[in-house]
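Just below is one structure, and these are the notes that go with it.
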Amino acid sequence: MKTFTLKSIAAGLLLSASSFAFAADIDMNADANDLAIKGFDPVAYFTMDKAVNGSPDYTATYKGAIYQFSSESHRDMFRANPAKYAPQYGGYCAFGVAMEKKFDTDPNAWKIIADKLYLNLNKDVQKRWAQDTTAYIEQSDSNWFDIKNKTVAELSEAE
């Protein structure tokens, strides 16, 4: 069994941090075209219990990021209550936010806890995060207020 330390995970996360761009709002993780969650349907995580690709035929904008949906009904559910379905921490890696960093995410590394969607960088990081989600969520909630309006570069400079 592989063992991951915070230091080794942080090093791996830093390598991937520069691989994504930002939406109009700095607190949102989106690609160069402002697409959130790499085009995956945020409502499907809740209604279908799986990661599902969205379609450019069904979109909605929230906090400057564009979300895609697999159906018109999912888009309408999101529009009615975007805060319910949008991923926590602007779609940045929940584990990374616990470490005061903003890292991209893999839409397949996800978990719903207390009716909130959390994404992680990848499945390995998600395994580490899952070892104590309660503590990591508490730490991320605390950190998010301070880092949500900082860029990835600003957070890297703080090291």
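A few comments on the model shown:
- Restricting attention to the stretch 132-144, the residues being assigned to a helix (DSSP H, G or I), charged (D, E, K, R) and either over 14 Å from LYS102 (Cα atoms) or under 12 Å from the mean Cα position of the chain (by Cα) (or both) number 1.
- Condition broken by ALA135, with the remaining ones in (1) within 30 Å of GLU157 (Cβ to Cβ); (2) in contact (Cβ under 8 Å) with a residue 40 or more places away in the chain; (3) not basic (Lys, Arg) satisfied: (2)
- Of the residues contained in the stretch 105-120, one or more are found to be within 19 Å of ASP41 (Cβ to Cβ), modelled with pLDDT of 95 or more and of a type in the set (Asp, Glu).
- Annotation: of all residues in the stretch 145-159 being free of Cβ contacts under 8 Å to residues at least 60 places away in the same chain and either among the aliphatic types (A, V, I, L, M) or not in a helix (DSSP H, G or I) (or both), the one that is surrounded by the most Cβ atoms within 10 Å (Cβ to Cβ) is ILE147.
- Every condition in (1) surrounded by fewer than 16 Cβ atoms within 10 Å (Cβ to Cβ); (2) in a loop (DSSP other than H, G, I, E, B); (3) at pLDDT 95 or above is met by LYS101 except one, and the failing one is (1).
- Comparison of TRP129, TRP110 shows that the only residue that is surrounded by 22 or more Cβ atoms within 10 Å (Cβ to Cβ) and either outside any helix (DSSP H, G or I) or out of contact with any Gly (no Cβ under 9 Å at 6 or more places or on another chain) (or both) is TRP129.
- Considering residues of the stretch 38-59 that are more than 15 Å from LEU117 (Cβ to Cβ) and not in a helix (DSSP H, G or I) only, the residue nearest to the chain's Cα centre (by Cα): ASN53
- Any hit, the stretch 72-86, residues being of a type in the set (Asp, Glu) and in a helix (DSSP H, G or I): yes
The values are calculated or read from the model by the stated rules, or taken from the named source; none is laboratory data. Here the structure is a predicted model, which is why all the values come from computation and not from measurement. Counting neighbours? That spans all protein chains shown, and the Cβs are built from the backbone with ideal geometry, glycine included.
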